[in-house]
Amino acid sequence: MVVSPASTEEVSEVVRACASAGVAIVPQGGNTSLCAGAIPDDSGKQIVLSMARMNRIRSIDAANFSMEVEAGCILQNVQRAATEVDRYFALSLGAEGSCQIGGNLSTNAGGINVVRYGTARAQVLGIEAVLADGAVVGSLRSLRKDTAGYDLKQLFIGSEGTLGIITAATLKLHPSTGPLGTALIAIQAPGNAVRLLALLREALADAIEAFELVSDPVFRLVTRHVPELAVPFDQPAPWYVLIDVSVGKCGERLENALNAALESGIVLDAVIAKNATEAARLWRMRHAIAEAERSAGPSLKTDIAVPLSRMEEFLQRGDALLADLAPQASLVAFGHVGDGNLHYNVVFPGSNTDRDRLTSAIYDLVDELGGSFSAEHGIGRTKRKYLLRYRGDGEIELMRRLKKALDPNNILNPGKVI
């Protein structure tokens, strides 16, 4: 059964009915989860609670740089509503035309702007949620400073609907970014991307909106899949960095910084988009990666994070690991390297590779380097065993205590996360 409430009160009534009957509930937003976090099990005895009808933008307070929205609002609509009052909502990701803000918050989504603004968690001022007994926790205050008791909203952000069902949120807005400068930069090695980021931060402070790393094989895959796209360099480079910078008064400083990077050998070549059309084409290459990757065949997808200072080491040791465990596989590596997040995906030509062994080997390396096996996609159902493996006993026990305290009968998205 799928139920589609249109208000917080209706969500509460549904949860009370399910609690009384002992029926489990799977909250579902835009259904863009990559970890099976928003789908029921195979028992046929769970209900899907769709948030699609709860899609109102309740209010916008431009003077306070905040807005109150329901959980079913499409992310792109939230962005557009902020733009209409000359404000900026910073969360941006590939699925923004279909994902919903409740799902973004439930998974603590990341995306391309984390390097400047932080993850979804950092965009939230208040949360309204329905607990496992149907009670409503309404904490939608739009304050930047509030130390009155526990910060309850943080319990629900990133919990994937296992502790409560997010029904609305008060979101933080930012001043309009104004015109953005977009550049595609050719580099020799991932370590140069880390050095380039440090150089640009020194020159531009916090004006860097996005900083994406993409390997040459990935862009070649994209241009085969979308023939009208092309990398705008005469000679290919092993790696590329795609950046957005809030130019304002930084336009000349961006050019000077890139020239300095060229002279120092950090950068091989660079192209700055001359207009919005050129910028959109460059970003279309980045956003087409997931679709192009599917055309290449079955793949092992990972969503890892390592400290920036260890990124080059991870990629070098990862190459050796793949050569040993999956020599026939090809690597599709790209990601939001400005915040240390890399999508390290492996495409297999056949079915002989032991995926579990390869996944564990990659995650072991990530853990050794002080990283995380899940940077922005969450845990859902598919990564539960890795959470148990890579988080300490004390952390796991505390998560279980929280789950037991807030959902003693385990009816909220059971089988996910913990």
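The values are calculated or read from the model by the stated rules, or taken from the named source; none is laboratory data. As the structure is a prediction and not an experimental result, all values here were calculated from the model. Counting neighbours? That spans all protein chains shown, and the Cβs are built from the backbone with ideal geometry, glycine included.
The set of residues in region 77-100 that are aliphatic (A, V, I, L, M) and modelled with pLDDT of 95 or more comprises 78, 81, 82, 85, 90, 91.
Scanning region 379-418 for residues that are among the polar types (S, T, N, Q) and in contact with a strand residue (DSSP E or B) (Cβ under 8 Å, 6 or more places away or on another chain) yields 410, 413. Does any residue of region 37-44 turn out to be surrounded by fewer than 19 Cβ atoms within 10 Å (Cβ to Cβ) and more than 27 Å from residue 294 (Cα to Cα)? Looking through region 37-44, at least one residue is surrounded by fewer than 19 Cβ atoms within 10 Å (Cβ to Cβ) and more than 27 Å from residue 294 (Cα to Cα). Considering only residues in region 390-418 that are charged (D, E, K, R) and without any contact (Cβ under 8 Å) to a residue 12 or more places away in the chain, the one that is surrounded by the fewest Cβ atoms within 10 Å (Cβ to Cβ) turns out to be 393. The requirement of being under 22 Å from residue 296 (Cβ atoms), in a helix (DSSP H, G or I) and either modelled with pLDDT of 95 or more or not aliphatic (A, V, I, L, M) (or both) is fulfilled nowhere in region 334-351; no residue meets it.
Among the candidates 277, 223, the residue that is surrounded by fewer than 20 Cβ atoms within 10 Å (Cβ to Cβ) and in contact with a Leu (Cβ under 6 Å, 6 or more places away or on another chain) is uniquely 223. Would you please name the residue that is modelled with the lowest pLDDT, looking only at residues in region 254-297 that are farther than 19 Å from residue 336 by Cα and of a type in the set (Lys, Arg)? If we take residues in region 254-297 being farther than 19 Å from residue 336 by Cα and of a type in the set (Lys, Arg), then 294 is modelled with the lowest pLDDT.
Restricting attention to region 346-393, the residues that are farther than 23 Å from residue 106 by Cα and either over 23 Å from the mean Cα position of the chain (by Cα) or not hydroxyl-bearing (Ser, Thr, Tyr) (or both) total 23.
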